[in-house]
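**Q** Here you go, one structure.
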Amino acid sequence: MALLKLKFNQKKRVKLAQGLWLMNWFSVFAGIVVFSMGLFLKIELRKRSDVMDNAESHFVPNSLILVGILACAFNAFAGKICYDSLDPAKFVKWKPLVKVYLLSCSFFIIFIFFVALFCFLLRGSLESTLAQGLKSGMKFYRDTDTPGRCFMKKTIDLLQMEFKCCGNNGFRDWFEIQWISNRYLDFSSKEVKDRIKSNVDGRYLVDGVPFSCCNPSSPRPCIQYQVSNNSAHYSYDFQTEELNLWNRGCREALLKYYGGIMSSMGVFVLFVWLFELSIMIGLRLLHTSLESIANPEDPECESEGWVLEKSLKDTFKSTLENLKSMGKFNQVDASAEGAEGEGAKTQAVTTVS
Amino acid sequence: MAVLKVKFTKTKRDKLAQILWILNWVSVVSGAILFSLGLFLKIEIRKRSEVMAKGDVNSVPNMLISVGVIACIINFLGGKICYDCTDINKFNRWKMVMLPYIVCTFCFTFCILVGGIMCYTMRNELEESLYLGLRDAIKFYKDTDIPGRCFLKKTIDALQIRFQCCGNNGFRDWFEVQWVSVRYLDMASRDVLDRLKSNVDGKFLVDGVPFSCCNPNSPRPCIQYQLTNNSAHYNYDFLTEELNIWIKGCREALLDYYTDIMRSIGITVLIIWCFELSVLTGVRYLQTAMSNVLLLGDPQSDSEGWLLENSFVETAKYNISVIKNLGKANQISSVSGINDPNMNVQTVNYGQETVPTKSIPTT
């Protein structure tokens with residue numbers, strides 16, 4: 001029994017074709033929006049490429065760009081088909097293409113669904129990318145006179161100010177790296193020498209943070225150095241002080257920012273997916289209803305349209321059989337090959353004699 | 001002789017009316033744009049009101065807002081008039097309104113020009129307002145525990161970060177004010193006491209700046225304290241160091257920001273003024289052409305339209321005499337009957353006045 005069988009008269013077919021034509025043009029617009037979103041995300045990721053470890057994070061924007069382009073192409077084409085469906089004579093030229101189009105459309109819809117899922121699922125990959133990138137970025141913060149790294153300090157400072165964050169996981173990350181260049185350290189100073197000697201790797205570590213970690217909401221002037229030393233500052237308790245520096249790490253801040261963008265995009269792509277699915281179902285109904293017209297000479301007559309000719313189970317079985325037969329067709333029969341071989345030999349001998 | 005006299009056919013008059021109808025609707029949109037620009041400028045000024053002294057800085061946005069609203073009303077009415085001008089019968093009801101409408105529109109167009117010019121002349125009062133406002137704000141930077149001033153520190157810090165500036169005229173302004181609250185000063189410390197005693201007003205002054213003055217472009221970690229003391233920092237020269245902190249003062253930065261906004265708004269307003277002027281000219285032509293059609297009595301006939309019925313000099317003289325007469329009319333004459341506007345009214349003889357009355361039917 002056919003799945004979702006519906007009866008159509010001329011008026012209903014025309015209405016369906018017009019509705020689908022309109023929906024297809026809406027989908028073209030949606031495709032442009034998806035393309036723009038992908039481009040926006042790509043630019044946003046490119047902006048912060050200095051604090052990202054590798055290029056795998058560009059999978060989502062690239063997929064969105066591809067979905068956008070394909071949606072425009074597919075739906076513009078479908079729009080033309082639907083427009084021509086109003087006239088059965090014009091529809092004849094599209095008849096052989098519609099089945100192929102619907103098949104490719106179903107693959108495209110599956111692709112859209114996976115892209116929407118990736119928008120939600122690739123958070124983990126982005127997190128590790130950011131963790132590694134920020135770690136490297138902070139490590140090279142001091143290298144302002146090393147070519148290729150000279151803008152790292154500015155990048156990190158601007159990042160911390162814009163996203164109101166400090167360090168990778170928090171401000172304590174700055175205590176574990178040397179973020180002051182040797183160029184600005186007085187090696188004749190006893191304090192500097194002692195600090196370098198007290199460290200295994202010979203690094204100049206301080207319990208201080210760059211100025212960009214300072215929080216303007218703090219009622220007191222910013223304490224950047226000797227952050228963990230209560231006695232170094234009047235009326236100060238390192239444990240309870242919450243407003244002096246940004247408490248949030250930049251990884252969390254950036255992850256929240258990109259996560260928010262990608263979640264919004266994921267929701268939109270899911271809506272596009274539902275819309276595309278409804279268009280495909282509509283187009284399938286239109287195609288079958290036009291094919292099942294009993295008398296092609298009389299376009300006014302009633303016809304039936306369906307999504308699947310048989311039930312889901314039967315369709316699945318027949319598809320499997322088709323695939324199997326395709327597999328068999330590609331195999332070479334061993335017995336036939338043997339017989340063929342003998343015949344050839346005999347013939348060859350005969351020819352020689 | 002009439003100024004800029006043009007001959008109009010019926011088709012030309014209709015076409016002019018239609019074009020003016022469209023232009024009036026475009027002017028309604030431009031009025032909305034003026035209103036939006038005024039509102040935007042008002043919001044931008046309100047945003048930074050904490051660093052501005054109370055002054056007439058709101059005169060420009062208020063002018064733009066009111067001009068925008070009036071533009072919408074006037075041009076909406078103008079559109080209705082122009083739409084009705086295609087029909088001579090409908091025009092009759094607007095005939096009396098047309099001249100006052102044109103006079104009002106002329107005055108209003110002049111107001112737009114004034115608004116446009118004000119956008120360029122506002123710079124000085126804005127500078128004064130910013131100078132005084134920033135001076136007070138910097139003075140109260142430390143008062144984070146005084147109600148009404150507790151957010152000034154955050155405001156100034158955010159301002160310096162956003163506009164990449166430091167102090168009022170420059171970073172040295174911070175050396176002249178106590179910007180560290182007494183609440184965070186250890187009065188038992190010898191250094192603090194010495195610093196307070198060395199100052200006439202008993203203020204704690206340091207050659208340091210808040211963190212928000214730091215420039216991220218600097219290759220070295222930011223130096224905030226002992227800025228003028230070269231020996232306090234390694235490999236540092238206070239006079240040649242340009243990237244450590246922002247050199248530009250916030251007054252200059254904010255002034256540049258607002259000047260750019262107002263210059264853009266000014267150009268837009270002047271373009272709208274030119275547009276309104278062209279609409280006004282068109283409406284004047286339409287009014288005179290339609291009035292002449294009414295005088296001729298044939299709606300299909302050609303008519304002449306002009307901007308001024310007489311030359312500029314004569315029109316000016318006539319207007320002055322009208323104003324003088326208005327002044328005289330408001331005076332009360334000492335001799336009764338003299339200059340009475342109701343005396344010696346000339347009447348026109350329209351022929352037989354005795355019209356036979358109809359007979360009243362008897363019951």
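The values are calculated or read from the model by the stated rules, or taken from the named source; none is laboratory data. Predicted model, so just to flag it, every value in this text is computed and none were measured. A quick note on method: Cβ atoms are made from the backbone with ideal geometry, for glycine too, and the neighbour counts reach across all protein chains shown. Remember, those area values only see protein heavy atoms, side chains included, never the ligands or the DNA or RNA. Shrake-Rupley method; radii C 1.70, N 1.55, O 1.52, S 1.80 Å.
**Q** Taking segment A:156-165, which residues are part of a helix (DSSP H, G or I) and surrounded by 20 or more Cβ atoms within 10 Å (Cβ to Cβ)?
**A** Listed by number, the residues that qualify are A:ILE156, A:ASP157, A:LEU159, A:GLN160, A:MET161.
**Q** Could I ask something else about it? Given the conditions (1) at pLDDT 90 or above; (2) within 14 Å of chain A (Cβ to nearest Cβ), report the number of the one that B:SER264 does not fulfil.
**A** Evaluating B:SER264 over (1) at pLDDT 90 or above; (2) within 14 Å of chain A (Cβ to nearest Cβ) leaves (2) as the failure.
Every residue, every condition in (1) open to solvent by 80 Å² or more (accessible area, probe 1.4 Å); (2) farther than 24 Å from B:CYS274 by Cα; (3) modelled with pLDDT under 75; (4) not in a helix (DSSP H, G or I), yes or no:
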{"site": "B:TRP21", "(1), (2), (3), (4)": "yes, no, no, no"}
{"site": "B:ASN24", "(1), (2), (3), (4)": "no, no, no, no"}
{"site": "B:SER59", "(1), (2), (3), (4)": "no, no, no, no"}
{"site": "B:ILE74", "(1), (2), (3), (4)": "no, no, no, no"}
{"site": "B:GLY79", "(1), (2), (3), (4)": "no, no, no, no"}
{"site": "B:LYS90", "(1), (2), (3), (4)": "yes, yes, yes, no"}
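**Q** In addition: Starting from residues that are of a type outside the set (A, V, I, L, M, F, W, C) and within 13 Å of chain A (Cβ to nearest Cβ), keep the ones in segment B:122-146 and report whichever is surrounded by the fewest Cβ atoms within 10 Å (Cβ to Cβ). Give the derivation first.
**A** Taking segment B:122-146 as the starting set, the residues that turn out to be of a type outside the set (A, V, I, L, M, F, W, C) are B:123-125, B:127-129, B:131, B:133, B:135-136, B:139, B:141-145.
So of that shortlist, the ones also within 13 Å of chain A (Cβ to nearest Cβ) come out as B:141-145.
Values: B:TYR141: 23, B:LYS142: 25, B:ASP143: 16, B:THR144: 20, B:ASP145: 11.
My answer is B:ASP145.
**Q** Can you name every residue in segment A:136-155 that is assigned to a helix (DSSP H, G or I), away from chain B (no Cβ under 11 Å) and in contact with a helix residue (DSSP H, G or I) (Cβ under 6 Å, 6 or more places away or on another chain)? So that I can check it myself, show each step before the final result.
**A** First, the residues of segment A:136-155 that are assigned to a helix (DSSP H, G or I): A:136-139, A:152-155.
Checking which are away from chain B (no Cβ under 11 Å) leaves us with A:136-139.
Within segment A:136-155, just A:GLY137 meets the criteria.
**Q** Ok, one more. Could you tell me whether A:ASP186 is at the interface with another protein chain (Cβ under 8 Å from one of its Cβ atoms) and assigned to a loop (DSSP other than H, G, I, E, B)?
**A** Judged against the criteria, A:ASP186 is a match.
**Q** A follow-up question, please. How many residues are of a type in the set (S, T, N, Q), within 21 Å of B:PHE204 (Cβ to Cβ) and within 11 Å of another protein chain (Cβ to nearest Cβ) if we restrict to segment B:150-177?
**A** 1
**Q** Moving on. Tell me whether segment B:332-352 contains one or more residues that are at pLDDT 70 or above, loosely packed, with under 10 Cβ neighbours inside 10 Å and of a type outside the set (Phe, Trp, Tyr).
**A** The answer is no; no qualifying residue exists.
**Q** Among the numbered criteria (1) at pLDDT below 90; (2) surrounded by fewer than 17 Cβ atoms within 10 Å (Cβ to Cβ); (3) in contact with a helix residue (DSSP H, G or I) (Cβ under 7 Å, 6 or more places away or on another chain), which single criterion is violated by A:GLU242?
**A** For A:GLU242, the failing item is (3).
**Q** Follow-up question, since we're still on this one. Take the conditions open to solvent by 40 Å² or more (accessible area, probe 1.4 Å) and more than 9 Å from chain A (Cβ to nearest Cβ) and apply them to B:ARG183. Does it pass?
**A** The answer is no for B:ARG183.
**Q** Only residues that are at pLDDT 90 or above, more than 8 Å from chain A (Cβ to nearest Cβ), in a loop (DSSP other than H, G, I, E, B) and within 20 Å of B:LYS139 (Cβ to Cβ): list them for segment B:207-224, please.
**A** B:GLY208, B:VAL209
**Q** Another one. So, of the residues in segment A:191-209 that are outside any helix (DSSP H, G or I) and without any contact (Cβ under 8 Å) to a residue 12 or more places away in the chain, which turns out to be most open to solvent (accessible area, probe 1.4 Å)?
**A** Among those that are outside any helix (DSSP H, G or I) and without any contact (Cβ under 8 Å) to a residue 12 or more places away in the chain, it is A:VAL200.
**Q** I've got another one for you. Pick from B:LEU196, B:LEU205, B:LEU152: which is surrounded by 15 or more Cβ atoms within 10 Å (Cβ to Cβ), among the aliphatic types (A, V, I, L, M) and in contact (Cβ under 8 Å) with a residue 60 or more places away in the chain?
**A** Checking each option against the conditions leaves just B:LEU152.
**Q** Tell me, yes or no, whether segment A:192-214 has at least one residue that is among the aliphatic types (A, V, I, L, M), within 10 Å of chain B (Cβ to nearest Cβ), more than 30 Å from B:TRP179 (Cα to Cα) and out of contact with any strand residue (DSSP E or B) (no Cβ under 7 Å at 6 or more places or on another chain).
**A** yes
**Q** Still on this structure: Report whether or not A:ARG172 is of a type outside the set (Ser, Thr, Tyr), more than 13 Å from chain B (Cβ to nearest Cβ) and touching a Ser or Thr at 6+ places or on another chain (Cβ under 9 Å).
**A** Yes, satisfied.
**Q** Hey, does segment A:218-226 have a residue that's open to solvent by less than 40 Å² (accessible area, probe 1.4 Å), closer than 19 Å to B:ARG220 by Cβ and either away from chain B (no Cβ under 14 Å) or out of contact with any strand residue (DSSP E or B) (no Cβ under 9 Å at 6 or more places or on another chain) (or both)?
**A** no
**Q** When only residues in segment B:186-204 that are in a loop (DSSP other than H, G, I, E, B) and more than 14 Å from chain A (Cβ to nearest Cβ) count, which is nearest to B:GLN224 (Cα to Cα)?
**A** Looking at residues that are in a loop (DSSP other than H, G, I, E, B) and more than 14 Å from chain A (Cβ to nearest Cβ), I get B:LYS203.
**Q** Now for a different question. With the requirement that a residue be within 14 Å of chain B (Cβ to nearest Cβ) and either among the hydroxyl-bearing types (Ser, Thr, Tyr) or in contact (Cβ under 8 Å) with a residue 40 or more places away in the chain (or both), what does segment A:156-169 give you?
**A** A:ILE156, A:ASP157, A:LEU158, A:LEU159, A:GLN160, A:MET161, A:PHE163, A:LYS164, A:CYS166
**Q** Tally up the residues in segment A:166-190 that are among the polar types (S, T, N, Q) and open to solvent by 20 Å² or more (accessible area, probe 1.4 Å), please.
**A** 4
**Q** In segment A:210-235, which residues are part of a loop (DSSP other than H, G, I, E, B) and in contact with a Ser or Thr (Cβ under 9 Å, 6 or more places away or on another chain)?
**A** Once the filter is applied, which keeps residues that are part of a loop (DSSP other than H, G, I, E, B) and in contact with a Ser or Thr (Cβ under 9 Å, 6 or more places away or on another chain), segment A:210-235 yields A:PRO216, A:SER218, A:PRO219, A:ARG220, A:PRO221, A:CYS222, A:TYR234.
**Q** Go through segment B:234-259 and give me each residue that's in contact with a helix residue (DSSP H, G or I) (Cβ under 8 Å, 6 or more places away or on another chain), within 14 Å of chain A (Cβ to nearest Cβ) and either assigned to a loop (DSSP other than H, G, I, E, B) or open to solvent by 20 Å² or more (accessible area, probe 1.4 Å) (or both).
**A** Scanning segment B:234-259 gives B:TYR234, B:ASN235, B:TYR236, B:ASP237, B:TRP246.
**Q** Please state which one of A:SER57, A:SER85 is more than 23 Å from A:ILE109 (Cβ to Cβ), surrounded by 18 or more Cβ atoms within 10 Å (Cβ to Cβ) and at pLDDT below 90. Talk me through it step by step, then tell me what you get.
**A** Numbers: A:SER85 fails: more than 23 Å from A:ILE109 (Cβ to Cβ).
Selected residue: A:SER57, the only one of A:SER57, A:SER85 that is more than 23 Å from A:ILE109 (Cβ to Cβ), surrounded by 18 or more Cβ atoms within 10 Å (Cβ to Cβ) and at pLDDT below 90.
**Q** Got a number for residues in segment A:110-135 being open to solvent by less than 60 Å² (accessible area, probe 1.4 Å) and either at pLDDT 90 or above or outside any helix (DSSP H, G or I) (or both)?
**A** Looking only at that region, the number is 9.
**Q** Within segment B:250-271, which residues are free of Cβ contacts under 8 Å to residues at least 12 places away in the same chain and of a type in the set (S, T, N, Q)?
**A** Hit for segment B:250-271 is B:SER264, nothing else.
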